[in-house]
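S.K.: Encoded as structure tokens, here's the structure I'll be asking about.
The values are calculated or read from the model by the stated rules, or taken from the named source; none is laboratory data. Please read these numbers as outputs of a predicted model, since none were measured by experiment. Backbone-built Cβ (ideal geometry, glycine too); neighbour counts: all protein chains shown.
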């Protein structure tokens, strides 16, 4: 989050923290179904901690190196990869224009969000300091909204098979054709 704070002002910045974690049921699903990485499931070659943005950053560097033969300054890269100079700026710019139109999956990045992560929301209030004679003073007060973190739990309650199994009359499987058919149900409303 970026925020411009004017001089001669007092700002209150409230932070609300959210934590997301997963259960064993989610861990039992294949990656294609859960669409997130468990801790230590996907290692990065440059960054020590996995995050979606770190994964995409490494992927971008690798693709630029393959296309341009160099990596931009301050981008992740192997020690043997040269840093792009002014001659390669146009190549890097062309790659970035193309990659904005392509999703991470289509770029063969194999980047998914982590199953466990932290998210923060911010609210701010800015007011001018009364009686200030333009001292360029800035007061910044940062505090948590709550003394605890709200935790969101990623849980798989039922699969389709267990859901259908709990409703034996709702669907029947025709064994000869291997098709699922729903019985016809007549609904009547009786008014007093």
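S.K.: Looking at the range 40-53, which of its residues are surrounded by 13 or more Cβ atoms within 10 Å (Cβ to Cβ) and more than 12 Å from residue 112 (Cβ to Cβ)?
M.R.: 44, 46, 47
S.K.: Scan the range 1-39 residue by residue and report those that are part of a helix (DSSP H, G or I), over 18 Å from residue 111 (Cα atoms) and without any contact (Cβ under 8 Å) to a residue 12 or more places away in the chain.
M.R.: Of everything in the range 1-39, just one residue is part of a helix (DSSP H, G or I), over 18 Å from residue 111 (Cα atoms) and without any contact (Cβ under 8 Å) to a residue 12 or more places away in the chain, namely 24.
S.K.: Just to be sure before I move on: is residue 7 surrounded by fewer than 17 Cβ atoms within 10 Å (Cβ to Cβ), within 15 Å of residue 154 (Cα to Cα) and in contact with a strand residue (DSSP E or B) (Cβ under 8 Å, 6 or more places away or on another chain) in the structure I sent?
M.R.: For residue 7, the condition - surrounded by fewer than 17 Cβ atoms within 10 Å (Cβ to Cβ), within 15 Å of residue 154 (Cα to Cα) and in contact with a strand residue (DSSP E or B) (Cβ under 8 Å, 6 or more places away or on another chain) - is not met.
S.K.: Based on what the data block shows, is residue 14 closer than 30 Å to residue 137 by Cβ and exposed (fewer than 10 other Cβ atoms within 10 Å of the Cβ)?
M.R.: No: the conditions fail for residue 14.
S.K.: Also, I was wondering about something else. Got at least one residue in the range 99-114 being within 25 Å of the chain's Cα centre (by Cα), free of Cβ contacts under 8 Å to residues at least 60 places away in the same chain and outside any loop (DSSP other than H, G, I, E, B)? Can you show your working first?
M.R.: Step one: of the range 99-114, the residues within 25 Å of the chain's Cα centre (by Cα) are 99-114.
Adding the requirement that they be free of Cβ contacts under 8 Å to residues at least 60 places away in the same chain leaves 99-109, 111.
Adding the requirement that they be outside any loop (DSSP other than H, G, I, E, B) leaves 99.
Looking through the range 99-114, at least one residue is within 25 Å of the chain's Cα centre (by Cα), free of Cβ contacts under 8 Å to residues at least 60 places away in the same chain and outside any loop (DSSP other than H, G, I, E, B).
S.K.: Related question: Condition first: in contact (Cβ under 8 Å) with a residue 24 or more places away in the chain, part of a helix (DSSP H, G or I) and more than 16 Å from the chain's Cα centre (by Cα). Can you find one or more residues in the range 69-86 that meet it?
M.R.: no
S.K.: Out of all the residues in the range 39-63, which are in contact with a strand residue (DSSP E or B) (Cβ under 8 Å, 6 or more places away or on another chain), at pLDDT 90 or above and more than 30 Å from residue 124 (Cα to Cα)?
M.R.: Once the filter is applied, which keeps residues that are in contact with a strand residue (DSSP E or B) (Cβ under 8 Å, 6 or more places away or on another chain), at pLDDT 90 or above and more than 30 Å from residue 124 (Cα to Cα), the range 39-63 yields only 61.
S.K.: Looking at (1) part of a strand (DSSP E or B); (2) at pLDDT below 75; (3) under 35 Å from the mean Cα position of the chain (by Cα), which is the only condition residue 180 fails?
M.R.: The failed condition is (3).
S.K.: Those residues that are surrounded by 15 or more Cβ atoms within 10 Å (Cβ to Cβ), within 14 Å of residue 95 (Cβ to Cβ) and in contact with a helix residue (DSSP H, G or I) (Cβ under 9 Å, 6 or more places away or on another chain), I need them from the range 60-78; list them, please.
M.R.: 60, 63, 64, 67, 68, 70, 71, 72, 75
S.K.: Mind counting the residues in the range 40-59 that are outside any helix (DSSP H, G or I) and either without any contact (Cβ under 8 Å) to a residue 12 or more places away in the chain or in contact with a helix residue (DSSP H, G or I) (Cβ under 6 Å, 6 or more places away or on another chain) (or both)? Please lay out each step first, then the result.
M.R.: Start the filter on the range 40-59 by keeping residues that are outside any helix (DSSP H, G or I), which leaves 40-51.
After this cut, where a residue has to be either without any contact (Cβ under 8 Å) to a residue 12 or more places away in the chain or in contact with a helix residue (DSSP H, G or I) (Cβ under 6 Å, 6 or more places away or on another chain) (or both) as well, the list is 40-41, 43-44, 46-49.
Qualifying residue count for the region: 8.
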